[in-house]
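Here's the structure we're looking at; comments come further down.
The values are calculated or read from the model by the stated rules, or taken from the named source; none is laboratory data. Here the structure is a predicted model, which is why all the values come from computation and not from measurement. When we count neighbours, we look across all protein chains shown, and the Cβ atoms used for this are built from the backbone with ideal geometry, even at glycine.
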C-alpha cells in the first residue's frame, strides 16, 4: 500500500459551494448481501466470500483503476489509524480482526468498507455543501454494485441492515461545518438545537462520541426510514443553508463589533503555530481552526482555505508519522508536529 | 515637567556587571532633619520648609543642573503613577497630600523624595550588580546634603528615622534579579529561602507587598542597624553572586536537558508579543520576561537585553499613556499596548 503523504483528499480542497463554512458533504450507504449472514454472525469463510464478491464487483464496475483495495494486512497499524484520521474508515473497522477489505479511490472521495457492521458501507465525500455531487456518485456506485451483488432488501422495510437504525435507505448523509463565529457569539447551542429539534444529529469532527474540536460540527440524519433519500438530504441541506447564514451573520458581527478581539484570537493562533516548538494534536487543531477563521474572514492572506484545512488532517498522529516516514513517541510527535507546522506556515 | 517618553532610566541599560541575571542595583538612604518633626507629625509649614531646604541643598550641591525638582502639582496623575512605574517614587509618596518634592536626575539613576515617610529618602540605581557604583554615588549625595542640612543623628542609634526598621544606617540596599530558570526548575524557593535565612527580604518587581511578576525578584536587607553600610552591602552582594551562579547553572541545565521546552516557551512568547492585538499589562510583562530569558540564553538575536528590559517599563499603564501622549481607558490601553509591542518587535 502506498500512502499519500502530504496530499489530502479532494474533499478537503475547499473548492465546493459554501466552503467558507462547510468543509465537506458526505453520503454513506449501508448494504448487505442477501445470501450471507450479517457480519457479526458470519463465519470466517463468509467474510472471505463477501470480500472477494465485493472486490470483484468493484473491479467489474471499473473502480479498481481509479483506486486501490486494501486487505487486512494493509489495514493494520499505522495504516488503520491513518485511514481513520482521513475519514476513510471507521475505528471499529480498522480494529476488527475479521477478514475485511477497504476500497479507496485515488482522490479519497470514494471509500468502501467490506465487513464493517454491514457487509458494505460505502461513502462519497465532496468539498463544501454538495449533496448533488456526493449523492449522485454514491448512487452510481450503488447501482453498479447491484448488477453484481444480491442486496438484502425488503419491499416493506427497504434495505436490511445489521442495526435497525440504518434500515430503509441505509443512508447517512452529513455535512462537516466550521462554526467558530457562532461559538464565539455563544449562539451555537441555539442553532444546533434547531437542527436536533427536527431530528438531525450533531457530532464532533470524527463522528459519533467525538468531541467538537476546533469548532467543527457534523450534522447528519438520524432517521433512515420513512423518507426517500432526497427527502432526507433536502432536510440536511435546508438546515445547513440556515446554519451557514447564521454563521456568516455571526462572522459579520465579529468583524463589525468585535474586530479587535477576533483579530487577537486569529493572529495569536497564527503566531503560536509559527513559533511553538512543542504542539499537541488537540492544541494544533484548535489553533488551525482559529487560523481557518482568519482566512475565511480575509484577515490572513498568507495561506488559503485549502492549505489551512489540509493541515487539520496532516497534524493528526498517524498522518504525521506516515508523512515523516517514521514511527514516533507522543513526545517526539509533538516536536515534529510543531516543526512541520512552523515550516509550513513561516513561508507558506 | 517634561516626561521622557520612550527613553528609560540608565539603570535599565543592561550594561552593568552580571546583567544577564541582575537587572539593577539600588541603594536608598533615609534621612531626617533634626530641627523638623518627622513628616507624619509635621505641620504644613514644616513640610514646606523641608522641601525648600532640601531643594536649596540640592541646588547648592550642583544637582539641579543634572536633573529636575518636581513639586506637588507635577506629582499628580498621571505623572505620579509614571514615576512609580519607573521606580523613581513610592506609591505612598505620590498619593500623599502633603507638600512634597521629588528630585530626579536626567538619567534617572538618582532620585530623592522629600516628605515621604522620612524627610529625605534618596536612592541611586545602577545597571547590573554594581554596589560600588550605587553606594558611592548615594554616599556622595549624602555628604553634600549634610553640608547644608542638619541630620537627626544619635551617637547611640545612628540616623534617626520615622520607622525603627530604618534606624541606624537608614539604608536599604537591593538587587533586582531575573530568575526564570530557577522558577522553571522549581529550585527558586530553596534558593530564596537561603537568602531569607540570613536575614534578607525577597520581594516582587515593585517592592514590598507586590507580586513576583515575570520571575523578577528584589533581594534587600531587612536590618539597618548593628552593621556598617558596607557589611550590609557585602551580605547582599555575596548572596547575589550565589543566586547568579544558581540561576546560570539552571539555565545551563535548561539548555542541555530541556532545550525544546525552553525554546517552546521563549518562541511562543515572542510569537504572542508579535501577534496579539490585545495585551494586558500582566500578560505583557510575563511574555517580555520569557523573551528576556531567550535573549539571555542567546536563543533570540533580533533584540538585545537593553531593548527587551526597557519594554518592561514602557508597557506599564502610565508609561504607555505618557509615551503615546493620550489618556486611555483600560481596554484602549490593552489594544495600544499590543500595537506598541508588536511594532517594536516585528522589525526591531
With respect to the numbered conditions (1) within 24 Å of residue B:21 (Cβ to Cβ); (2) modelled with pLDDT under 95, which one is the sole condition not fulfilled by residue B:127?
(2)
Any idea which of B:107, B:92, B:118 is within 17 Å of the chain's Cα centre (by Cα), part of a loop (DSSP other than H, G, I, E, B) and at negative phi?
B:107
Quick check on this structure: which one of B:203, B:186, B:259 is free of Cβ contacts under 8 Å to residues at least 60 places away in the same chain and buried (at least 17 other Cβ atoms within 10 Å of the Cβ)?
B:203
Does residue A:293 satisfy being assigned by TED's automatic domain parsing to the domain that holds residue A:315, assigned to a helix (DSSP H, G or I) and within 17 Å of residue B:263 (Cα to Cα)?
no
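For the condition in contact with a strand residue (DSSP E or B) (Cβ under 7 Å, 6 or more places away or on another chain), in the same structural domain as residue B:161 (by TED's automatic domain parsing), modelled with pLDDT under 95 and buried (at least 19 other Cβ atoms within 10 Å of the Cβ), what is the one hit in B:88, B:102, B:112, B:75? Steps first, please.
Details: B:88 fails: modelled with pLDDT under 95; B:102 fails: modelled with pLDDT under 95; B:112 fails: modelled with pLDDT under 95.
Result of the check over B:88, B:102, B:112, B:75: B:75.
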Scan the range B:282-292 residue by residue and report those that are within 14 Å of another protein chain (Cβ to nearest Cβ) and under 19 Å from the mean Cα position of the chain (by Cα).
B:284
Go through the residues of the range B:241-251 one by one and say whether even a single one is at pLDDT 95 or above, within 20 Å of the chain's Cα centre (by Cα) and surrounded by fewer than 21 Cβ atoms within 10 Å (Cβ to Cβ).
yes
Flag if residue B:237 is modelled with pLDDT of 95 or more, surrounded by fewer than 22 Cβ atoms within 10 Å (Cβ to Cβ) and either more than 15 Å from the chain's Cα centre (by Cα) or assigned by TED's automatic domain parsing to the domain that holds residue B:128 (or both):
yes
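Conditions (1) within 14 Å of chain B (Cβ to nearest Cβ); (2) in a helix (DSSP H, G or I); (3) touching a strand residue (DSSP E or B) at 6+ places or on another chain (Cβ under 6 Å), marked per residue:
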| residue | (1), (2), (3) |
| --- | --- |
| A:227 | no, no, no |
| A:230 | no, yes, no |
| A:236 | no, yes, yes |
| A:241 | no, yes, no |
Within the range B:69-89, which residues are part of a helix (DSSP H, G or I) and farther than 20 Å from residue B:56 by Cα?
B:79, B:80, B:81, B:82, B:83, B:84, B:85
It is to be established whether one or more residues within the range B:172-185 are part of a loop (DSSP other than H, G, I, E, B), touching a helix residue (DSSP H, G or I) at 6+ places or on another chain (Cβ under 7 Å) and over 18 Å from residue B:242 (Cα atoms).
no
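With within 11 Å of chain B (Cβ to nearest Cβ), in contact with a helix residue (DSSP H, G or I) (Cβ under 8 Å, 6 or more places away or on another chain), free of Cβ contacts under 8 Å to residues at least 40 places away in the same chain and not in a helix (DSSP H, G or I) as the only criterion, which of A:272, A:279, A:299 stands out? Even if it seems obvious, please write down each step before you answer.
Working: A:272 fails: not in a helix (DSSP H, G or I); A:279 fails: free of Cβ contacts under 8 Å to residues at least 40 places away in the same chain.
Criteria check complete, one pass: A:299.
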Has the range A:141-159 got any residue that is under 26 Å from residue A:202 (Cα atoms), in contact with a helix residue (DSSP H, G or I) (Cβ under 8 Å, 6 or more places away or on another chain) and in a helix (DSSP H, G or I)?
no
Conditions (1) buried (at least 23 other Cβ atoms within 10 Å of the Cβ); (2) modelled with pLDDT of 95 or more -> residue B:312 fails only (2)
Qualifying residues in the range A:303-348 (those that are over 19 Å from the mean Cα position of the chain (by Cα) and within 21 Å of residue A:181 (Cβ to Cβ)) - the one farthest from the other protein chains (Cβ to nearest Cβ):
A:304
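Somewhere in the range A:58-65, is a residue touching a helix residue (DSSP H, G or I) at 6+ places or on another chain (Cβ under 7 Å), crowded, with 19+ Cβ neighbours inside 10 Å and within 17 Å of residue A:151 (Cβ to Cβ)? Before the answer, list the steps.
Filtering the range A:58-65 for residues touching a helix residue (DSSP H, G or I) at 6+ places or on another chain (Cβ under 7 Å) gives A:58, A:61, A:64.
If we keep only those that are crowded, with 19+ Cβ neighbours inside 10 Å as well, we get A:58.
With within 17 Å of residue A:151 (Cβ to Cβ) added as a condition, the list becomes A:58.
Taking every residue of the range A:58-65 in turn, at least one turns out to be touching a helix residue (DSSP H, G or I) at 6+ places or on another chain (Cβ under 7 Å), crowded, with 19+ Cβ neighbours inside 10 Å and within 17 Å of residue A:151 (Cβ to Cβ).
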